[in-house]
Amino acid sequence: MEVFLNPDALIALLTLTFLEIILGIDNIIFISIVTGKLPEQDRKKATRIGLFLAMFMRIALLLGISYLIAMKATVFSIHWNWFEADFTGQAIILFLGGLFLIYKSTKEISEKVDHKGDEEKNIQTAAKKSFSNVIVQILLIDLIFSVDSILTAVGMTNGVEGALTIMITAVIISVIVMMLFAVPVGNFVNANPSIQILGLSFLILIGFMLITESMHLSNAALIGEHIGAIPKGYLYFAITFSLAVEFINMRIRKKKS
């Protein structure tokens with residue numbers, strides 16, 4: 001614990017913990033939607049088991065940080081007339097993660113819009129069969145978000161003494177906070193279908209952002225134009241603005257009813 005006596009280390013811990021919690025909001029939204037298909041008595045259990053296992057998985061990723069850093073090397077290259085890219089291991093993971101988020105979120109929106117009646121009719125039977133599937137999905141989505149946040153953590157703690165201890169501590173604190181708030185947030189999200197659709201739309205944006213970031217890491221060029229990463233500030237502003245508008249609409253609907 002001597003590492004935290006260093007002011008730089010303490011500031012890095014507080015900043016990184018805050019960052020992990022903010023990034024975890026996206027994770028909580030996805031978990032809330034996924035566990036919403038389970039019976040109500042199983043949602044809390046699935047959320048806590050998934051996050052608990054995800055914490056150990058994220059710590060394991062941190063312990064293998066040297067391997068992740070080594071993934072900056074080019075795995076394969078594409079040189080077409082209209083598209084060029086040198087894909088690294090990091091870029092491949094982010095690209096596949098972005099595709100998964102877009103596919104899963106689009107599929108969930110389609111089910112809620114087009115098959116809502118069928119879904120509610122068979123929810124009890126389907127949910128019992130999908131408990132383990134929900135746990136796997138929670139682990140998978142946490143893995144996707146972990147890659148981006150861990151690489152950011154490496155950059156933030158680079159050169160700070162006890163960097164690995166700081167990162168592991170930040171992960172443990174952030175997961176504990178997520179465990180405390182995931183269920184209340186989940187209940188709120190599942191009770192408001194418009195918030196569900198909004199949350200899934202955010203995940204599509206995040207998936208698109210991950211894909212553009214993977215292209216940026218690969219130094220990709222489309223028709224001679226370099227593909228840059230989308231600044232996260234734009235995304236967070238869009239999410240905050242959309243939520244603010246939706247909360248205003250919810251208050252208006254509540255007053256009218």
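The values are calculated or read from the model by the stated rules, or taken from the named source; none is laboratory data. Only a predicted model underlies this, so the values are computations on that prediction, with no experimental measurement involved. Cβ atoms come from the backbone with ideal geometry, glycine included; neighbour counts cover every protein chain shown.
Could you go through segment 12-22 and let me know if any residue there is at pLDDT 75 or above, over 15 Å from ALA163 (Cα atoms) and among the polar types (S, T, N, Q).
no
So for segment 197-204 (the condition being modelled with pLDDT of 75 or more and over 18 Å from the mean Cα position of the chain (by Cα)), does at least one residue qualify?
No; the residues of segment 197-204 include none that is modelled with pLDDT of 75 or more and over 18 Å from the mean Cα position of the chain (by Cα).
Kindly check whether there is at least one residue in segment 72-89 that is in contact (Cβ under 8 Å) with a residue 12 or more places away in the chain, acidic (Asp, Glu) and part of a helix (DSSP H, G or I).
No, segment 72-89 contains no residue that is in contact (Cβ under 8 Å) with a residue 12 or more places away in the chain, acidic (Asp, Glu) and part of a helix (DSSP H, G or I).
For residues that are part of a helix (DSSP H, G or I) and at pLDDT 70 or above, scanning just segment 151-165, find the one that is surrounded by the most Cβ atoms within 10 Å (Cβ to Cβ). Break it down stepwise before answering.
First, the residues of segment 151-165 that are part of a helix (DSSP H, G or I): 151-157, 163-165.
Narrowing the set further to residues that are at pLDDT 70 or above leaves 163-165.
Values: ALA163: 20, LEU164: 15, THR165: 18.
In this case the residue turns out to be ALA163.
State all residues of segment 218-231 that are at pLDDT 85 or above and either of a type outside the set (Gly, Ala, Ser) or assigned to a helix (DSSP H, G or I) (or both); if no residue qualifies, say none. Break it down stepwise before answering.
Just the residues of segment 218-231 that are at pLDDT 85 or above, to begin with: 218-223, 225-227.
Correct list: ASN219, LEU222, ILE223, GLU225, HIS226, ILE227.
Give me the pairs, please: first residue somewhere in segment 215-238 and touching a residue at least 40 places away in the same chain (Cβ under 8 Å), second residue anywhere and among the small types (Gly, Ala, Ser), beta-carbon distance under 7 Å, and either six or more positions apart or on two chains.
MET215/ALA85; LEU217/ALA91; SER218/ALA85; SER218/ALA91; ASN219/ALA85; ALA220/ALA85
Listed here are the residues, each with its yes/no results for (1) touching a strand residue (DSSP E or B) at 6+ places or on another chain (Cβ under 6 Å); (2) at pLDDT 75 or above.
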| residue | (1), (2) |
| --- | --- |
| ARG48 | no, yes |
| ALA85 | yes, yes |
| GLN90 | no, yes |
| THR125 | no, no |
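Rundown of residues vs (1) more than 18 Å from LEU94 (Cβ to Cβ); (2) within 18 Å of the chain's Cα centre (by Cα); (3) modelled with pLDDT of 80 or more; (4) part of a loop (DSSP other than H, G, I, E, B), yes/no style:
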| residue | (1), (2), (3), (4) |
| --- | --- |
| ILE211 | no, yes, yes, no |
| HIS216 | no, no, yes, no |
| GLY233 | yes, yes, no, no |
| ALA238 | yes, yes, yes, no |
| ILE248 | yes, no, yes, no |
| ARG253 | yes, no, yes, no |
